[in-house]
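All remarks here apply to the structure that follows.
The values are calculated or read from the model by the stated rules, or taken from the named source; none is laboratory data. What you see is a predicted model; the values in this text were computed from it and never measured. Neighbour counts are summed over all protein chains in view; Cβ atoms, including those assigned to glycine, are modelled from backbone coordinates with ideal geometry.
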Amino acid sequence: MCFDPEVTFESGQTFRWKRFVTKDEPSWIGVISNYVVRMRRGKAECVAKLKESNSNRSNFSDDIANYLSTNDDLDRIVQSFPRDEYLQNAVKSFDGLRVLTQDPWECLISFVCSINKNIPAIKMMLELLSMKFGSKIRSSNEVFYSFPKPSTLAKASKIDLLACKVGFRWRFIRFIANQVRSGKLDLKSVSQKSYGQARDELISELSGTTFGVGPKVADCVMLFSMHKMEAFPVDVWMLRCIQSIYSQKMGLQDILVDKKSLTRSTYDLVHKSAHEYFGRYCGYAQQYLYMKIRHDFIRNKALV
């Protein structure tokens, strides 16, 4: 199985990649660590890097390999899935999908920005945050921006954050930045713990009525940056998928009838059932299902 940048970068796990169409083939440009990267099928090219960075070619290769999770045995992962027609069709339709291993800090802020927002709005918020608070990375003909550091966002003013269109999330962003900057939340340490411990710690450190990071955002961070395959984020698309395709198979038909959102206890029950049904790599299964349910919905809507 190869890596397909279009499938991967459109799968709702990352938001700062831009698609460009050239005379050869489509390419995607984004920022990984201190590099501006042009990505095609089977090829990653460093377009530019941050001037003050000490990164070299060896670092670049390692960073790309880690980001693309090249150690994942996709054949083994897919073979572990249940012989489920809908899921198997999703795997065939979206061959080349990879669950990325992103920077946990950037991933956390990205999914805080995703709360009650669609993908275009999330992309805009992250772009504005990077332009205002990140560092410039100049290529031969364009300027890119690194993702802001926790220390920078921790001291950002409310006015400046609101100028980035983040709305009520400005409180979340600044609070989380302060927790990371001060060391109260050590994302590297969290990532080294088991899925259950890591998820519980992230939620407990960032929970409450004012600065709530719930199980869905936590699961996104677990899966898309800490590469914990037990995570199974349930957003509106996945809830729709489970209700329409899997509720009976997973024994959830009575619990999920007419549900538009999930309480913490119901979310945890759905996660438990998903792990039991899809297996140890349920996080990968979730990504294939997310792509298929979203694609089918958009296609069917276009046919109406």
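The set of residues in the stretch 100-111 that are surrounded by 24 or more Cβ atoms within 10 Å (Cβ to Cβ) and of a type in the set (V, I, T) contains only I109.
If I go through the stretch 2-31 residue by residue, how many of them are modelled with pLDDT of 90 or more and either in contact with a strand residue (DSSP E or B) (Cβ under 9 Å, 6 or more places away or on another chain) or farther than 22 Å from L128 by Cα (or both)? Looking only at that region, the number is 17.
Out of L262, L252, L256, one residue alone is touching a Ser or Thr at 6+ places or on another chain (Cβ under 7 Å), more than 29 Å from L74 (Cα to Cα) and surrounded by 16 or more Cβ atoms within 10 Å (Cβ to Cβ). It is L256. In the stretch 126-139, the residues that are surrounded by fewer than 17 Cβ atoms within 10 Å (Cβ to Cβ) form Cβ pairs under 8 Å with partners that are part of a strand (DSSP E or B) and hydroxyl-bearing (S, T, Y), at six or more places apart or across chains, as follows: M131/Y145; K136/Y145.
Mind checking which residues of the stretch 167-203 are within 21 Å of D219 (Cβ to Cβ) and outside any helix (DSSP H, G or I)? Across the stretch 167-203, the qualifying residues are L185, D186, Q192, K193, S194. The residue pairs whose first member lies in the stretch 92-109 and is in contact (Cβ under 8 Å) with a residue 40 or more places away in the chain, whose second member is charged (D, E, K, R), and whose beta carbons are closer than 6 Å, counting only pairs six or more residues apart or on different chains, are G96/D4.
Going through (1) in the same structural domain as I109 (by TED's automatic domain parsing); (2) surrounded by 13 or more Cβ atoms within 10 Å (Cβ to Cβ); (3) under 21 Å from the mean Cα position of the chain (by Cα) one by one, L74 falls short only on (1). Within the stretch 37-54, the residues that satisfy the criterion of being closer than 15 Å to F9 by Cβ and either crowded, with 16+ Cβ neighbours inside 10 Å or in contact with a Ser or Thr (Cβ under 6 Å, 6 or more places away or on another chain) (or both) are V37, R38, M39, R40, A44.
M229 fulfils the conditions (1) in a helix (DSSP H, G or I); (2) surrounded by 14 or more Cβ atoms within 10 Å (Cβ to Cβ) except for a single criterion, (1). Of all residues assigned to the stretch 43-58, at least one qualifies as being modelled with pLDDT under 95 and in a helix (DSSP H, G or I).
For the structure I just gave you, tell me whether E142 is more than 24 Å from the chain's Cα centre (by Cα) and of a type outside the set (S, T, N, Q).
Numbers: more than 24 Å from the chain's Cα centre (by Cα): yes; of a type outside the set (S, T, N, Q): yes.
Against the criterion (more than 24 Å from the chain's Cα centre (by Cα) and of a type outside the set (S, T, N, Q)), E142 qualifies.
In the stretch 14-36, is there at least one residue being of a type in the set (V, I, T), over 26 Å from L108 (Cα atoms) and surrounded by 18 or more Cβ atoms within 10 Å (Cβ to Cβ)? Give the derivation first.
Taking the stretch 14-36 and keeping what is of a type in the set (V, I, T), we get 14, 21-22, 29, 31-32, 36.
Adding the requirement that they be over 26 Å from L108 (Cα atoms) leaves 21-22.
Filter again for surrounded by 18 or more Cβ atoms within 10 Å (Cβ to Cβ), leaving none.
No: zero hits.
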